[in-house]
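Visitor: I have a structure I would like to understand better, so I am pasting it below and will then ask my questions one at a time.
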Amino acid sequence: MSPKNGHADHSPEKFVAEKIAPEKTMAEKSAPEKHIREKSHNQHHASVQRPEKCRVLAVVNQKGGVGKTTTAVNLATALAAVGMRVLVIDLDPQGNLSTGFGISRAARSVGSYEILFAEHRIEDVAVPTVVPGLSIVTATADLAGAEIQLVTEPRREYRLAEAIARSAVNYDYAIIDCPPSLNMLTLNALTAADSLIVPLQVEFYALEGVSSLMQTVQLVRERFNPRLAIMGVVLTMFDRRNSLSQAVTEDVRKFFGDQVFTTVIPRNVRISEAPSHGKPVLLYDLKSSGARAYMMLASEVIKREALVVAPAYTDEAVHNPSTTKAA
Ligand SMILES: Nc1ncnc2c1ncn2[C@@H]1O[C@H](COP(=O)(O)OP(=O)(O)O)[C@@H](O)[C@H]1O
Ligand SMILES: [Mg+2]
């Protein structure tokens, strides 16, 4: 069911087994939510490398329905599950990220609109989610008007970046879910971000629109945010029964090379059911192929991050120089 993975060391089974569920019991199998909660409260996360300073990741693709929100929800949950302190920011007026964490429209009073217009700090509007260690800045109805309102604001592209810089709370990761358009809200996300994750749905038109996204990235680098990097492209909704899937995957790998994550997210019904239960798939069905794929993606993200940022510390001594091997 799950797509092939390149490195045996980073199989989802191993990752889940080691990081989340080292000693499974029948009770835990039937209650992954409880299990994740307990494990995340447990401070012992072997060699989790925390970034020195909050890393801002934006999940972006101007096409709708490619898996941005699903990736933001589940990558954030997987990072929190291994002990990271995570913030998610819903920057799409549709508010699917907020719904995905079970926060109904009625329950949202303040959110990303308020931080963009400098009325509130992130810590004043962020609320905890069902996932321990994971907070959210929701999207309220006002956000639909923010696009137009921003146009006349001073430093309109920097609103989100400045809000994140003002925050006194020390998150390890802030993950931004972007709207399906290259608009002023998306420009704010790209200006605030250290790195981008681009979900591409495995379909015939997967690469359509990619060149305008890359042009926008280049423009943002030149004008607003020279450090903006592309961490990776993640293939989503891979369906092995669809004969096109393999060809599309090869095309995307040819186009993006190493930038494509090894992990491929399979089409999985549990992923699509989870939002209606107000839960990430990791809580809804930890053993599903979708949950395991997102755990594996998180392990790849952590690995790629380790190449670009110095960790603040690790939770466990990872190196013991006295253990030199005798030849
Ligand atoms: N891997 C997957 N398997 C099955 N359904 C998926 C998968 N990824 C996303 N979906 C479903 O596809 C729809 C679009 O995904 P979403 O993450 O909301 O895309 P976007 O945020 O890019 O618009 C949602 O209904 C979601 O539940
Ligand atoms: Mg979305």
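Visitor: Out of LEU116, LEU75, which single residue is modelled with pLDDT of 90 or more, away from ligand 1 (no atom under 16 Å from the Cβ) and under 21 Å from the mean Cα position of the chain (by Cα)?
Guide: LEU116
Conditions (1) in contact with a Ser or Thr (Cβ under 6 Å, 6 or more places away or on another chain); (2) among the aliphatic types (A, V, I, L, M), marked per residue:
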{"residue": "ALA78", "(1), (2)": "no, yes"}
{"residue": "THR99", "(1), (2)": "no, no"}
{"residue": "ARG105", "(1), (2)": "no, no"}
{"residue": "TYR113", "(1), (2)": "yes, no"}
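Visitor: Okay, next question. Of the residues that make up segment 198-217, is at least one under 20 Å from THR69 (Cα atoms), within 20 Å of the chain's Cα centre (by Cα) and hydroxyl-bearing (Ser, Thr, Tyr)?
Guide: No, segment 198-217 has no match at all.
Visitor: Another question, then. Only one of LEU213, LEU207, LEU244 is within 16 Å of ligand 2 (Cβ to nearest atom) and in contact (Cβ under 8 Å) with a residue 24 or more places away in the chain; which?
Guide: Of LEU213, LEU207, LEU244, the one residue that is within 16 Å of ligand 2 (Cβ to nearest atom) and in contact (Cβ under 8 Å) with a residue 24 or more places away in the chain is LEU213.
Visitor: List the strands (runs of 3 or more DSSP E) inside segment 219-316, counting only whole elements, that have at least 2 residues being closer than 26 Å to PRO132 by Cα and under 19 Å from the mean Cα position of the chain (by Cα).
Guide: Working: elements: 229-238, 260-266, 311-314.
Strands (runs of 3 or more DSSP E) meeting the threshold: 229-238, 260-266.
Visitor: How many residues does segment 160-186 hold that are more than 16 Å from ligand 2 (Cβ to nearest atom) and over 11 Å from LEU91 (Cα atoms)?
Guide: The total comes to 14.
Visitor: Can I ask one more? Could you please give the count of residues in segment 55-107 that are more than 16 Å from ligand 2 (Cβ to nearest atom), assigned to a helix (DSSP H, G or I) and over 22 Å from LYS303 (Cα atoms)?
Guide: Qualifying residue count, segment 55-107: 2.
Visitor: Sticking with this structure for a sec: Among the numbered criteria (1) on the phi > 0 side of the Ramachandran plot; (2) surrounded by fewer than 18 Cβ atoms within 10 Å (Cβ to Cβ), which one does MET237 miss?
Guide: (2)
Visitor: Still on this structure, please answer the following. Identify all residues within segment 207-244 that are of a type in the set (D, E, K, R) and either within 14 Å of ligand 1 (Cβ to nearest atom) or over 24 Å from ARG155 (Cβ atoms) (or both); write none if there are none.
Guide: Within segment 207-244, GLU208, ASP239, ARG240, ARG241 qualify.
Visitor: Answer yes or no: is there a residue in segment 119-130 that is part of a loop (DSSP other than H, G, I, E, B), away from ligand 2 (no atom under 16 Å from the Cβ), basic (Lys, Arg) and touching a residue at least 12 places away in the same chain (Cβ under 8 Å).
Guide: Checked against the condition, which is being part of a loop (DSSP other than H, G, I, E, B), away from ligand 2 (no atom under 16 Å from the Cβ), basic (Lys, Arg) and touching a residue at least 12 places away in the same chain (Cβ under 8 Å), segment 119-130 yields at least one hit.
Visitor: Also, I was wondering about something else. Using the structure shown, decide if GLY145 is under 24 Å from ASN61 (Cβ atoms), out of contact with any Asp or Glu (no Cβ under 8 Å at 6 or more places or on another chain) and touching a residue at least 60 places away in the same chain (Cβ under 8 Å).
Guide: In short, no.
Visitor: Does segment 261-269 contain any residue that is crowded, with 20+ Cβ neighbours inside 10 Å and within 16 Å of ligand 2 (Cβ to nearest atom)?
Guide: Yes, there is a match, as at least one residue in segment 261-269 is crowded, with 20+ Cβ neighbours inside 10 Å and within 16 Å of ligand 2 (Cβ to nearest atom).
Visitor: Does segment 193-218 hold any residues that are under 19 Å from ILE175 (Cα atoms) and either in a strand (DSSP E or B) or not hydrophobic (A, V, I, L, M, F, W, C) (or both), and which are they?
Guide: Hits for segment 193-218 are ASP194, SER195, LEU196, ILE197, VAL198, PRO199, LEU200.
Visitor: Show the residue pairs that are 6+ apart or on different chains and have beta-carbon atoms under 7 Å apart, the first residue being within segment 191-203 and under 19 Å from GLU300 (Cβ atoms), the second being at pLDDT below 95.
Guide: As it stands, the answer is LEU200/ALA206, since those pairs meet every condition given.
Visitor: Filtering segment 52-66 down to residues that are touching a Ser or Thr at 6+ places or on another chain (Cβ under 6 Å) and buried (at least 22 other Cβ atoms within 10 Å of the Cβ), which residue is farthest from LYS279 (Cα to Cα)?
Guide: Checking each candidate, the answer is LEU57.
The values are calculated or read from the model by the stated rules, or taken from the named source; none is laboratory data. Remember, it's a predicted structure, so these values are computed and weren't measured experimentally. Methodologically, a virtual Cβ is constructed for each residue, glycine included, from the backbone with ideal geometry; neighbour enumeration extends over all protein chains shown.
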